[in-house]
Amino acid sequence: MHETNQKLKMSLYAALMAGITAILAQLTIPLPLVPITGQTLAIGLCATILGRRYGTLAVMIYVAMGAIGLPVFSEAKGGFMVLIGPTGGYIVGFIIAAYVTGLILEKTSFTLLPAVVANIAGMVITLVFGAVQLKFIASLSWEQAMSGGVIPFLLVGVIKAILAAILGVTIRRRLMSAKLLPKEETRAA
């Protein structure tokens, strides 16, 4: 019974983090090809706070909400067409980024330096997925896809990765000390 309650609690945390991701996605700085948003910060928070399994679940819930048409993506967009459009690769990349970020933290530790490294790895994954889809959907050269879909986001991405690491580790520690976040559930294989 205890294990079932813990899984339910963690699933609810994942749903809550999906909602937080939807809110942070609305913080947008428009750029010509792809806007800078709070989504990537939220993805890092999901993985850093909840770990690989439930952090990825949170992101999958978020992507599913957007795919069915809820206006949760940046600029209150939603629908399957966003996922197959020029910026859809970034959104799909969020799922892999959350998984890898959480995995790195589970294999090392949920402390600041590994969290920064893990979140930067997640940022790189997101940018790679985004650039690849941007290149093909927008019929761009690799140089254009990199200059419009990766390079403008590197500095901001590193800043958001560091912020996600600091906030995520702090929130995770506080949730664990309050016995609201079970250590064994987020570190399970």
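None of the figures in this text is laboratory data; all of them are computed from the coordinates on show. Keep in mind that this is a model prediction, so the values were computed, not measured. No Cβ is skipped: glycine too gets one built from the backbone with ideal geometry, and neighbour counts run over all protein chains shown.
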Legend entry - Cβ-placed point charges (K, R +1; D, E -1), dipole of the chain about Cα centre in debye, nearest 20: 520 debye
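Kyte-Doolittle cut-off 1.0, length cut-off 15 Å along the helix's own axis using Cα: show which whole DSSP H helices in the chain pass. Walk me through the intermediate numbers first.
Values: long enough: 2-24 (33 Å, 0.43); 39-67 (24 Å, 1.16); 88-107 (29 Å, 1.41); 112-137 (37 Å, 1.94); 154-177 (34 Å, 1.55).
Span-like helices here: 39-67, 88-107, 112-137, 154-177.
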Legend entry - Amide H within-cut-off set for I36, under 5 Å, with H built and near neighbours excluded: I29, L31
Legend entry - Long-range amide H partners of L70 with built H, under 5 Å: G79
Legend entry - Calculated [θ] (222 nm, deg cm²/dmol) that DSSP helices of n ≥ 4 give over the chain, each run adding -39,500 (n - 2.57): -24500 deg cm²/dmol
